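Only one structure is covered here, and it is reproduced in the block below.
The values are calculated or read from the model by the stated rules, or taken from the named source; none is laboratory data. Values in this document were obtained by computation on a predicted structure and should not be read as measured data. A quick note on method: Cβ atoms are made from the backbone with ideal geometry, for glycine too, and the neighbour counts reach across all protein chains shown. Calculation scope for accessible area: heavy atoms of the full protein, side chains included, ligands and nucleic acids excluded. Shrake-Rupley method; radii C 1.70, N 1.55, O 1.52, S 1.80 Å.
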Amino acid sequence: MAKVLIVYVTTTGNTEKMAQAIEEGAKGAGADVTCKTVGDASVAELADYDVVAFGSPAMGAEVLEEAEMEPFFSDAEGKISGKKVAVFGSYDWGDGEWLRTWEDRCKAAGAEVVASVKAHLEPDDDAIAECKAFGAKLA
């Protein structure tokens, strides 16, 4: 059984809804899942999990949320080599470039990117179903 950590930041609740659907999908597929906000997580605990899913909304010119997720992820980059990771989040404008950039950062840090999922604004029923499938894939 895979141990999955979901670490996210949310500004309007959209990324949190995605995190909850991912958690549901992973648990439904048999994973041992911990889901927490980035403010409650520590980079040190990443070592305790088989898979880590990072979630952040796109901010500004399609960048990670800068107050909490960017500093957390910058610290995590040195500790995810060889680890299975996934990224997710919601966005308002653009085409999801921030998520592709994030995947590239994970790969450059030596992580194996196993999945990514994005939702435009508030996740609709299709996006929630996609998040649940994403969670199952993490398990």
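How large is Rg/Rh for segment 3-73, to two decimals, with Cα atoms and a Kirkwood Rh?
Details: Rg = 12.1 Å, Rh = 12.4 Å.
Here the Rg-to-Rh quotient is 0.97.
Projecting the alpha carbon convex hull of the chain along each direction and taking the average yields 7.0 nm².
Which FRET efficiency value, to the nearest 0.05, is calculated for ALA108 and ASP32 with the Förster distance at 25 angstrom and r the Cβ-Cβ distance?
Efficiency at R0 = 25 Å is approximately 0.30.
What value, in deg cm²/dmol to 500, does the helix sum -39500 (n - 2.57) over DSSP H runs of n ≥ 4 give at 222 nm once divided by the residues of the chain? Don't jump to the answer; show the numbers that get you there.
Working: 4 runs with 49 residues, N = 139.
The per-residue figure over the chain is -11000 deg cm²/dmol.
Each Lys and Arg adds +1 at its Cβ and each Asp and Glu adds -1 at its Cβ; summed about the Cα centre, the chain shows a dipole of about 560 debye. Among the GluC sites (Glu not before Pro) in segment 52-82, those located in a DSSP loop and surrounded by at most 12 other Cβ atoms within 10 Å of their own Cβ are GLU66.
Remark on segment 69-139: Rg and Dmax equal 12.7, 36 Å (Cα only).
Hey, got a sec? Which chymotrypsin sites (Phe, Trp or Tyr not before Pro) in segment 64-111 land in a DSSP loop and have at most 14 other Cβ atoms within 10 Å? Mind showing how you got there, number by number?
Details: sites: PHE72, PHE73, PHE88, TYR91, TRP93, TRP98, TRP102; in loops: TRP93.
Here the sparse-neighbourhood loop sites are TRP93.
Placing a label point 7 Å from the Cα of THR12 along the Cα-to-Cβ direction, the residues of segment 118-139 whose backbone N falls under 18 Å from that point are 118-128. How far is it, in nm, from the label point at ASP125 to the one at GLU77 when both lie 7 Å from their Cα along the line to the Cβ? Output for this residue pair reads 4.1 nm. How large a share of the accessible area of the chain, in percent, is made up of carbon and sulfur atoms when the probe is 1.4 Å and the other protein chains stay in place? In the chain, the share of accessible area belonging to carbon and sulfur is 46 percent.
Working from Cα pairs under 8 Å separated by at least six residues, relative contact order for segment 39-105 is 41 percent.
Out of all DSSP beta bridges with both ends in the chain, state the antiparallel percent to the nearest 5.
Roughly 5 percent of the DSSP beta bridges within the chain come out antiparallel.
Approximating the spin labels as points 7 Å out from Cα along Cα→Cβ, the ALA2-to-GLU66 distance works out to 3.3 nm.
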